[in-house]
Amino acid sequence: MNSLPPEYLDIHLVAQSFDRVAPTYEQWARVQKTVEDDLLERLDWIKMEPQQILDVGAGIGRLSDALSNKYHQAQVYAIDISIKMLQTVPQSLPSSRFSNQHRVCADAAYLPIADESIDLLVSNLMLQWCNDIHAVFAEFARVLKPDGALFFTTFGPDTLSELRQCWAKVDNARHVNLFADMHDLGDALLPAGLKNPVMDVDWLQFTYSDAKQLMKELKAIGAHNLTAGRPRSLMGKNKFKAMLAAYEQYRSPEGGLPATYEVIYGHALGKQSIELLAPDSGIVAIPIDRIGRRNNDNNG
């Protein structure tokens, strides 16, 4: 009998999943690229010239490369749990890595980084693969310098809501990973020792020709369901066809099927404050103590 909670992620399976997709990951990761570009723009909110940068959940290193370009004088440490992802060179950098980059295979909950050594810590769409967010934030706080800054993104509960609801009409099994609520993430920042945490959220919607295309993309980036509560037996064709048919209710007049992604953005500072510039993009930044919890549960 499996005593693990249904939302538990086997970290070894996660690493193996990303190892398998590493060679072709970049061509499918359009959601990750979009959020990554938004994260990079937010770095302009801080007045600092970091010397030591840590990218946790670096994957194939597209964000690490951008950070090397943005901060030429900085040493960039790219950490990921998948060794194959770290060894894969993005097509945008076909020849060699930046000389100021250091790539390390490690778990975000056990960072091989010295205390108070990092000026800027970034993490793009990695936290949803962590079982203990408190442990991860504690590690972030440990390695961050007192005057350092943390910027991260992750997915919220509305992510893939259409797919989750369609599977719920077929059976009671968990077919989609769980995603933490913004309030829960915010609650975990302060106890970790991070200062002035601020959260905001945005929704992205991508269009697919059919639900099969969406599921193919999720599998191609290693983002299929790896929770302990996932179905263990082979799925019958009838169930799969029923899910595909249920998804058709979302088809737009233009002919496409949507997939929604709730993207949570967070930033926090080390023990000493640095000046944080007010965003001029129209995005509303919400202090932790003003975030309200959801009244409805879309986790299915």
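Structure values in brief
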item	result
Ala74, sole failed condition from (1) at pLDDT 95 or above; (2) of a type in the set (A, V, I, L, M); (3) over 18 Å from Gly148 (Cα atoms)	(3)
Residues being at pLDDT below 95 and among the acidic types (Asp, Glu) - total across the range 159-172	1
Some residue of the range 200-210 being at pLDDT below 95 and of a type in the set (A, V, I, L, M)	no
Candidates Met126, Met85 - the one that is of a type outside the set (Ser, Thr, Tyr), in contact (Cβ under 8 Å) with a residue 24 or more places away in the chain, surrounded by 15 or more Cβ atoms within 10 Å (Cβ to Cβ) and over 22 Å from Leu189 (Cβ atoms)	Met85
Check on Leu54, in a helix (DSSP H, G or I), touching a strand residue (DSSP E or B) at 6+ places or on another chain (Cβ under 7 Å) and over 24 Å from Val176 (Cα atoms)	no
Set Ala114, Ala106: member being surrounded by fewer than 18 Cβ atoms within 10 Å (Cβ to Cβ), in contact with a Pro (Cβ under 8 Å, 6 or more places away or on another chain) and more than 18 Å from Pro191 (Cα to Cα)	Ala106
Ile11 vs. criteria over 15 Å from Phe152 (Cα atoms), at pLDDT 95 or above and either surrounded by 16 or more Cβ atoms within 10 Å (Cβ to Cβ) or of a type in the set (Ser, Thr, Tyr) (or both)	no
Leading residue by the ranking (surrounded by the fewest Cβ atoms within 10 Å (Cβ to Cβ)) among those in the range 181-208 that are touching a strand residue (DSSP E or B) at 6+ places or on another chain (Cβ under 7 Å) and assigned to a loop (DSSP other than H, G, I, E, B)	Leu190
Failed condition for Asp147, given (1) surrounded by fewer than 21 Cβ atoms within 10 Å (Cβ to Cβ); (2) part of a loop (DSSP other than H, G, I, E, B); (3) more than 18 Å from the chain's Cα centre (by Cα)	(2)
Residue match in the range 226-233 (condition: of a type in the set (A, V, I, L, M, F, W, C) and either surrounded by 15 or more Cβ atoms within 10 Å (Cβ to Cβ) or at pLDDT 95 or above (or both))	yes
Test for Asp44: is it in a helix (DSSP H, G or I) and free of Cβ contacts under 8 Å to residues at least 24 places away in the same chain	no
Any hit, the range 104-123, residues being within 22 Å of Gly193 (Cα to Cα), polar (S, T, N, Q) and in contact with a helix residue (DSSP H, G or I) (Cβ under 9 Å, 6 or more places away or on another chain)	yes
Qualifying residue in the range 250-260 (condition: assigned to a helix (DSSP H, G or I) and at pLDDT 90 or above)	yes
Residues satisfying the stated conditions in the range 132-144, i.e. surrounded by fewer than 21 Cβ atoms within 10 Å (Cβ to Cβ) and touching a Pro at 6+ places or on another chain (Cβ under 9 Å)	His134, Ala138
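Okay, residues lined up against (1) among the β-branched types (Val, Ile, Thr); (2) outside any strand (DSSP E or B); (3) at pLDDT 95 or above:
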site: Gln91; (1), (2), (3): no, yes, no
site: Pro112; (1), (2), (3): no, yes, yes
site: Ser123; (1), (2), (3): no, no, yes
site: Glu139; (1), (2), (3): no, yes, yes
site: Phe152; (1), (2), (3): no, no, yes
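The values are calculated or read from the model by the stated rules, or taken from the named source; none is laboratory data. The model shown is predicted, which means the values in this text are computed figures rather than measured ones. Here the Cβ is made from the backbone with ideal geometry for all residues, glycine too, and neighbour counts use every protein chain on show.
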